[in-house]
Amino acid sequence: MSFVIGTAGHIDHGKSTLITALTGIDPDRLAEEKRRGMTIDLGFAHLRLPSGLEVGIVDVPGHARFIRNMLAGTHGLDAVMLVIAADEGVMPQTREHLEIIDLLDVRRGVVVLSKVDLVDAEWLGLITAEVKTALKGTSLEGAQVIPFSAVSGEGKPELVGAVDALLKAAASRPDLERPRLPIDRVFTMSGFGTVVTGTLVDGTVSVGDELEVVPAGRLARVRGLQQHNRKVETAAPGGRVAANLSGVEKHELMRGDVLARPKTLGATRRVDATVRVLASAPQPLAHGVELLLHTGTSEVGCRLIVLEGDAIAPGHQGWAQLYLERPIAAAAQDRFILRVPSPSATVAGGRFVDVNPRKHARHDSMVRESLERRAAGEVLQEELRKYPRGVTAAALLKATMAPKADVAVLKARRLGEWLFDSGAWAAISDRATQELTAYHGSFPLREGMPREELRSKLGVSPGSFPSIVQGLSEDGRLVERDGALGLPGHRVELNGDVGRAAPLLELLGRQPLAPPSLAEATRQAGASPEVVRALAQRGDIVRVGDDVAFTKDAYETAVALVREIISASGSITVAQLRDRMGASRRPVLALLEHLDSERVTRRVGDARVLR
Ligand SMILES: Nc1nc2c(ncn2[C@@H]2O[C@H](COP(=O)(O)OP(=O)(O)O)[C@@H](O)[C@H]2O)c(=O)[nH]1
Ligand SMILES: [Mg+2]
């Protein structure tokens, strides 16, 4: 089991010093950080707890200017250490980080009351009370407050014990078999090439895996993996991971990109979300406002489309669609933060509910109800409703990142790889029946509609159509005859066309074994190609070639004759049969070729034998 904890808190309150005190590792790795004595970007360390649990630690900058870096480090945390200097107490970024922790719903945490060597007991009591008040109503309400000093070492065993207890009580991260690694750092190492780091969620990654960079789409292969500075073959979800990649250059990757198995994670420019506005926000979030969205390790500009009312007021929650400046990798259930760019401030946060939504009409109660069902857990069922023409299970999973097992319990018509919402399936079935009914009305002499024609009338993809035909036929909605699709009850009836069929049969039957050209006979009889086709489908005539047809009786007689001649003399030639039938060469040759293709006879040189 792997866990990741992080720091939070105002600048200079002792976050980085705390990590060094706990691990011996200085998380401030940049030269500029060392020179200025200030954390600018994320820092990383690791620690083995008394229970044996190995945890990755992410150190974040406290300065308001670097809050975007703090946000990139705060996704995927199992627990947080909110550091508050005992001499200063609660400061602006103490509150802002606490609000972020609350909006991201990080529920496990401790408050480290640092620098206690600088204050007396009375002051410590006042600050402790102030801190507890600040935690009220947040996800850290009731968290343990631990006095700590990096100078004297006071509080270190208590802090380590508290973190250990929090993580022992935590469930390990779920393995959805679809790993996502939101990248927080990219660098090159001589002799290794490109290396990325991040907190792995939703699945395992192993050396040799091929991964896709989302949203860019580039493919990379994992050459090596490290966790806590040790080589590993496989990394489990919930851990800090460094991955050495081949196939991508450093400049082709950046913080905010996500590595995932190819074709399992989509990129989106539109998300539906539940948005909670901080009570401390200076004003309501109005429809249309431009904001910065932070999710995973990515940051992107977006426009807020308020789906109900004209704004979401401070302290309130509402449904919204976020329209992003560029695509990002996102999954339903992911948490996010919204900030206003200037004056820069955190104003809201929430959870993605649909990362593949349509553009909605505002104030539409159907949209709201669907989002509510999704938020209540019916993610796949609601996603399925969006596909009136069916969808594959793989596409549904990609659109939602829902667990694979959820597909099995979905209420759906299943046909091969394809899934249909019950309403969608009913509509497709009704449409097919309507189209076929109309077709039979227009073409009573045809068995049915060509497959491609029905597919285009239904407006479904070539990929799904075979499954749809199979389903409709299982349901007794259609039958396939001679490659055409018709209603099960449909019979080709000559009815009104009998008048034109009879003269044709009569012409063909005059000299049954020596029929005239079919085109000529059809013309003379005043019959249509439809009538010819209907007669052939009913079996009244047998077409042996494009221009040659025999009446049913004549055909049977001719076949009997062929068998008889071959039985008597071992084989038959065109000339022999022509003499016996009293016909010209043309219909005789057509008949024999037809019998070859029907596998009655087989050609041997100039003659034919029985198969
Ligand atoms: N006296 C005292 N000073 C501390 C303690 N922890 C940190 N400091 C000092 O506080 C300053 C800021 O610490 P730093 O860890 O960089 O704070 P950060 O910005 O929260 O990471 C540094 O000069 C530290 O030496 C402590 O427990 N006691
Ligand atoms: Mg620091």
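Quick one, what does Rg over Rh come out to for the range 359-515 if you take C-alpha atoms and the Kirkwood Rh?
Details: Rg = 22.5 Å, Rh = 18.6 Å.
My calculation of the ratio gives 1.21.
Can I get the semi-axes of the range 258-405's equivalent ellipsoid? Compute them from the C-alpha gyration tensor as square roots of 5 times the eigenvalues, in angstrom, largest first.
Details: eigenvalues 134, 63, 29 Å².
Working from the Cα gyration tensor, I get semi-axes of 26, 18, 12 Å.
So which trypsin sites (Lys or Arg not before Pro) in the range 414-498 end up in coil per DSSP with only 13 or fewer other C-beta atoms within 10 Å?
The qualifying sites are Arg491.
Excluding Ala79 itself, calculate the net charge of residues whose Cβ lies under 13 Å from the Cβ of Ala79, where each Lys or Arg counts +1 and each Asp or Glu counts -1. Before the final figure, lay out the partial values.
Values: positive: Arg107, Arg108, Lys168, Arg173; negative: Asp78, Asp105, Asp164.
Around Ala79, the surrounding residues sum to +1.
How charged is the neighbourhood of Glu212? Take every other residue with its Cβ under 13 Å from the Cβ of Glu212, and add Lys/Arg as +1 and Asp/Glu as -1. The partial results should precede the final answer.
On the way: positive: Arg178, Arg180, Arg218, Arg221, Arg261, Lys263, Lys398; negative: Asp209, Glu210, Glu252, Asp257.
Neighbourhood net charge equals +3.
Work out the charge dipole of the range 240-321 with +1 on the Cβ of Lys and Arg and -1 on the Cβ of Asp and Glu about the Cα centre, then indicate which of His251, His287, Val306 is farthest towards its positive end.
His251
What's the ranking of 114-126, 375-387 by average number of surrounding C-beta atoms within 10 Å, highest first? Walk me through the intermediate numbers first.
Numbers: 114-126: 15.3, 375-387: 18.8.
Listed from highest to lowest mean packing, they are 375-387, 114-126.
Rg over Rh of the range 172-322, using C-alpha atoms and the Kirkwood radius, what does it come to? Intermediate results must be reported in sequence, preceding the final value.
Numbers: Rg = 18.3 Å, Rh = 17.0 Å.
In the range 172-322, Rg relative to Rh is 1.08.
Net charge near Ala286, counting Lys/Arg +1 and Asp/Glu -1 over other residues with Cβ under 15 Å of its Cβ? Working shown, then result.
Values: positive: Arg303, Arg362; negative: Glu290, Glu308, Asp310.
Result for the neighbourhood of Ala286: -1.
So how strong a dipole does the range 171-244 carry about its Cα centre when Lys and Arg Cβ are +1 and Asp and Glu Cβ are -1, to the nearest 20 debye?
Values: 10 positive and 8 negative charges, 54 e Å.
Dipole magnitude for the range 171-244 comes out near 260 debye.
Grab the eigenvalues of the alpha-carbon gyration tensor for the chain, scale each by 5, take roots, and send me the semi-axes largest first in whole angstrom. Let's see the in-between values first.
Working: eigenvalues 1204, 153, 61 Å².
Calculated on Cα positions only, the semi-axes equal 78, 28, 18 Å.
Take the Cβ-Cβ distance between Glu290 and Asp175 as r, set R0 to 45 Å, and report the resulting FRET efficiency rounded to the nearest 0.05.
On the way: r = 38 Å, r/R0 = 0.84.
So the FRET efficiency works out to roughly 0.75.
Only helical DSSP H runs with n ≥ 4 go in: add -39500 (n - 2.57) per run for the chain, normalise by residue count and round the 222 nm mean residue ellipticity to 500 deg cm²/dmol. Walk me through the numbers before you get to the answer.
Numbers: 19 runs with 202 residues, N = 611.
So the calculated ellipticity at 222 nm is -10000 deg cm²/dmol.
Nearest 20 debye, what's the magnitude of the dipole of the range 195-295 about its Cα centre given +1 on Lys and Arg Cβ and -1 on Asp and Glu Cβ?
Values: 13 positive and 10 negative charges, 36 e Å.
Using Cβ point charges on Lys, Arg, Asp and Glu, the range 195-295 gives about 180 debye.
In the range 419-478, if the dipole is taken from +1 on Lys/Arg beta carbons and -1 on Asp/Glu beta carbons about the Cα centre, which of Ser467, Gly423, Phe443 is farthest to the positive end?
Phe443
List the relative contact order of the range 110-222 as a percent without decimals, with contacts defined as Cα pairs under 8 Å and 6+ residues apart. Please report the intermediate quantities before stating the final value.
Details: 127 pairs, mean separation 20.5, N = 113.
Relative contact order for the range 110-222 comes out at 18 percent.
So which of Lys15/Lys250; Lys263/Lys386; Lys250/Lys386; Lys359/Lys457; Lys136/Lys250; Lys136/Lys411 end up more than 32 Å apart by C-alpha? Present the calculation step by step, with values, prior to reporting the outcome.
Details: Lys15/Lys250 30 Å; Lys263/Lys386 20 Å; Lys250/Lys386 38 Å; Lys359/Lys457 26 Å; Lys136/Lys250 44 Å; Lys136/Lys411 42 Å.
Long pairs (Cα-Cα over 32 Å): Lys250/Lys386; Lys136/Lys250; Lys136/Lys411.
When the convex hull of the Cα atoms of the range 16-110 is projected onto a plane and the area is averaged over all directions, what value comes out in nm²?
On the way: hull surface 26.0 nm².
Taking the Cα atoms of the range 16-110, their convex hull projects to 6.5 nm² on average.
Which order results if Arg523, Arg500 are arranged by neighbouring Cβ count within 10 Å, fewest first? Let's see the in-between values first.
Details: Arg523 12, Arg500 16.
By the 10 Å Cβ count, ascending: Arg523, Arg500.
State, in angstrom, two size descriptors of the range 397-440 derived from its alpha carbons: Rg to one decimal place and Dmax to the nearest whole number.
Taking only Cα atoms of the range 397-440, I get Rg and Dmax of 14.4, 45 Å.
Given bins 10 angstrom wide, list per bin the percent of all Cα-Cα distances in the range 1-64, short to long.
Calculated P(r), rounded to whole percents: 23, 54, 19, 4.
So what's the projected area for the range 422-527, the Cα convex hull averaged over all directions, in nm²? Before the final figure, lay out each step's value.
Numbers: hull surface 33.5 nm².
Spelled out: convex hull of the Cα atoms, projected over all directions, averaged, 8.4 nm².
Would you list the P(r) distribution for the range 515-584, with all Cα-Cα distances sorted into 5 Å bins from 0 and each bin expressed as a whole %?
All Cα pairs, binned at 5 Å, distribute as 3, 15, 23, 22, 14, 11, 7, 3, 1 percent.
Checking a compactness column here: for the range 333-423, what do you get for Rg(Cα) / (2.2 N^0.38 Å), N being the number of residues? Don't skip to the answer; put the middle values down first.
Numbers: Rg = 15.7 Å, N = 91, 2.2 N^0.38 = 12.2 Å.
Rg over 2.2 N^0.38 Å, computed on Cα atoms: 1.28.
What distance in nm separates the two pseudo spin-label positions at His63 and His316, each 7 Å out from Cα along the beta-carbon direction?
3.8
Got a sec? Charge dipole of the range 313-439, +1 on Cβ for Lys and Arg, -1 for Asp and Glu; which of Ala331, Ala361, Leu396 is way out at the positive end?
Ala331
Report the Cα-based extents of the range 372-451 along its three principal axes, largest first, to the nearest Å.
Taking the Cα atoms of the range 372-451, the three principal extents are 52, 24, 17 Å.
Which three extents, in angstrom, do the Cα atoms of the range 56-189 have along their principal axes, listed largest first?
The principal-axis extents, from largest down, are 52, 35, 34 Å.
Using the crude model of +1 on Lys and Arg Cβ and -1 on Asp and Glu Cβ, and no other charge, please compute the dipole size for the range 333-380 relative to its Cα centre, in debye to 20.
Details: 9 positive and 6 negative charges, 32 e Å.
Computed about the Cα centre, the dipole is about 160 debye.
What percent does the relative contact order of the chain come to when contacts are Cα pairs within less than 8 Å and at least six residues apart? Let's see the in-between values first.
Details: 1264 pairs, mean separation 46.8, N = 611.
In percent, rounded to a whole number, it is 8.
Which percent of Cα pairs goes in each bin when the distances of the range 320-360 are cut into 10 angstrom slices starting at zero?
All Cα pairs considered, the percentages come to 24, 53, 22, 1.
Percent of Cα-Cα pairs more than 22 Å apart in the range 472-611, please. All intermediate terms of the calculation are to be shown ahead of the outcome.
Values: 4452 of 9730 pairs.
Above the 22 Å cut-off, the range 472-611 has 46 percent of its Cα pairs.
Just so you know, all these numbers are worked out from the coordinates, no wet-lab data involved. Just so you know, these numbers come straight off a predicted model, no measurement behind them. Cβ coordinates were reconstructed from backbone atoms using ideal geometry, including for glycine residues, and neighbour counts include every protein chain displayed.
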